[in-house]
Amino acid sequence: MIFPFLSLRVEQLPQVPRDTVRRRQATARGRRQIGPPLLGGVGAGTRSWAKRDDDRVIQEVNQTIKSSAAPAGAYYNRANIFYGTRDYDQAIKYYNQAIKLQLDNAEALNQRCGARAIVGELKAALEDCNAALDLKPNNASALDYRGMAYLKLGQPDQALVDYDEALKLRPNSPAALYGRGVAKLMKGDIAASNADFEVAKEIKPSIAEEFTKVGVQAKPKSFF
């Protein structure tokens, strides 16, 4: 899912040197999100990511956007930078532009779903995830993000279905495991939820903190 544990795919842009593209892709792959990646994935990177040598990447993307015919990928890449620094409102703004230019951009729809879920635009997030899944049915990240939206809507049954499906595609996803644990806890299944939490934390010790940062806390049934 940006959440920060999802990795964001960076599209190649025109007028950008090939070695720069490779460096950008390597950086994105190393920046696992929860999501988004889930929380792209849950949201993901830190400001140090953008403030390292990626200021140059930002400049390149900005220069491309200034052109008279900026491609959808330029706006998508710019949105990913904002997502990685947790500026979700700006990320949504640029995902909007990417999707306007390319309506079937499943990656942009998926990431906008994650950003919208994080900021609380839950119905819009569901629409984006549904559209992304229509385009790419086996998209574990979109299932993670939609599961998060359902958790925030107080619908653990639907969230459980999505996390189960996500885990079929990514059995060791800490985001899906922890999200499923939250859904089970909301349903009152404490033993099963604790089992998922334990495995998720073994894989990614900071996973609970990442969920908290995007507004999802593990609370028993009595809280809902």
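The values are calculated or read from the model by the stated rules, or taken from the named source; none is laboratory data. From a predicted model like this one, the values you see are computed outputs, not experimental measurements. Methodologically, a virtual Cβ is constructed for each residue, glycine included, from the backbone with ideal geometry; neighbour enumeration extends over all protein chains shown.
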Can you tell me how many residues within segment 131-178 are crowded, with 24+ Cβ neighbours inside 10 Å, among the aliphatic types (A, V, I, L, M) and in a loop (DSSP other than H, G, I, E, B)? 0
Every pair of residues 6+ apart whose Cβ atoms lie under 6 Å, when the first sits in segment 79-102 and is at pLDDT 95 or above while the second is assigned to a helix (DSSP H, G or I) and β-branched (Val, Ile, Thr): Tyr88/Ile118; Tyr88/Val119
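Which ones in segment 198-213 are closer than 16 Å to Met148 by Cβ and either assigned to a helix (DSSP H, G or I) or in contact with a Gly (Cβ under 9 Å, 6 or more places away or on another chain) (or both)? Show your work before the answer.
Taking segment 198-213 and keeping what is closer than 16 Å to Met148 by Cβ, we get 200, 204, 207-213.
Correct list: Ala200, Ile207, Ala208, Glu209, Glu210, Phe211, Thr212, Lys213.
With the requirement that a residue be among the aliphatic types (A, V, I, L, M) and farther than 16 Å from Val214 by Cβ, what does segment 79-123 give you? Show your work before the answer.
From segment 79-123, those among the aliphatic types (A, V, I, L, M) are 79, 81, 91-92, 98-99, 101, 103, 106, 108-109, 115, 117-119, 122; that's our starting set.
Hits for segment 79-123 are Ala79, Ile81, Ala98, Ile99, Leu101, Leu103, Ala106, Ala108, Leu109.
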